[in-house]
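Novice: Take this structure first; my questions come after.
Where a number appears in this text, it was derived from the coordinates with a stated rule and is not lab data. All values derive from a computational prediction rather than experimental measurement. For neighbour counting, all protein chains shown are included, and Cβ atoms are generated from backbone atoms with ideal geometry for every residue, glycine included.
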């Protein structure tokens, strides 16, 4: 019966090609058996295969065919050298059910990089959608304003255009409109200059209006807006960027915990980042890095239920840190006798010790200290 291979540890669509960065994790790398047991050629070719796997799909994997791996290692024309370095260079790669070789450390880092790449692409997609919606709104507002004889400058800002549209196209223009800022023919409002006949079109500061014969009349105190550049649309540049308010929001406290647990290898189904206990730990000063480190510890130890273990362990460590920060309870210093040689001699007498002939002072003190520690240990055991 053939051995059943494990499922691939990473989704098949994870593609990091074009990402010219792969973390090496020097702390792990230079303490690993791969580094310590490899010679120079094995180590160099192994690192080259790491980089090759980073650029495979899915990332963190290599094809299982030996001749293809040899090509990725740069030894396609040197099978003899490949035979000598193969085992060490492929250390850490294991075969999975899809027939490919995977390296656990590279897969872990690839998942982190992939999540960031997906987030960036989502933000970029949102930005493009917002830009398209903004351009459509801009065209609609220009068209509505032209219908009532108002022609804003082609390069008017989006905020000003929205305000203009709200004032002159929305029903019921709000009162308090500045003098000379009239809206549509026939809508006489407070602020109309004296002598203005009913139905007289009015202009808008900063804009111009067009009467029925096509004549452009400048707004009060303003010049006729300059025509758009050749080839530019009348309703402004279509590729104008929307306000830069689509940056990803800062993660919530629960979100920070969730990401930390995922980076540590704890599946989302096994933890509850919104747990009040977890949020209380954040308020006490715990960081997402501490959550991640503690979760990695749970995974390494094979804890079956890592979430409650992480909460309990992290709470205990915060308690210990608080006790250390608070310092010991105020009381007599049990080591005060070491502050002077007279004190050493008094403590020696209490312990039944005396200097030996020719014994140096520091040797005598060391002997007294050893006896003191033993006595303290016996007292602690008796308690």
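Novice: Can you compute the FRET efficiency between residue 287 and residue 374 using 1/(1 + (r/R0)^6), with r the Cβ-Cβ distance and R0 = 45 Å? Round to the nearest 0.05.
Specialist: With a Förster radius of 45 Å, E is 0.65.
Novice: Right, something else. Within a 10 angstrom radius of the beta carbon, how do 38, 274, 354 rank from fewest other beta carbons to most?
Specialist: Going from least to most buried by this count: 354, 274, 38.
Novice: Would you mind calculating the gained length between residue 24 and residue 338 on full extension (0.36 nm times residue separation, minus the Cα-Cα distance), in nm to one decimal?
Specialist: 108.1 nm
Novice: A further question follows. Would you list 51, 114 from fewest to most Cβ contacts within 10 Å?
Specialist: Final ranking by Cβ density, sparse to dense: 51, 114.
Novice: Which FRET efficiency, nearest 0.05, do residue 304 and residue 67 yield, Cβ-Cβ r, R0 25 Å?
Specialist: For residue 304 and residue 67, the calculated efficiency is 0.05.
Novice: Order of 95, 301 from fewest to most other C-beta atoms within 10 Å?
Specialist: Fewest-to-most ranking of 95, 301: 301, 95.
Novice: Once the Cβ-Cβ distance between residue 112 and residue 132 is put in as r, and R0 is 30 Å, what FRET efficiency do you end up with, to the nearest 0.05?
Specialist: With R0 = 30 Å, the Cβ-Cβ based efficiency is 0.45.
Novice: For the range 253-326, what is the convex hull volume of the alpha-carbon atoms per residue, in Å³?
Specialist: Working: hull volume 5.6 nm³, N = 74.
Roughly 76 Å³ of hull volume per residue.
Novice: Further question on the same structure: So for each of 153-159, 67-73, 4-10 I average, over its residues, the number of other beta carbons within 10 Å; can you give me the resulting order with the highest mean first?
Specialist: Peptide ranking by packing, descending: 67-73, 153-159, 4-10.
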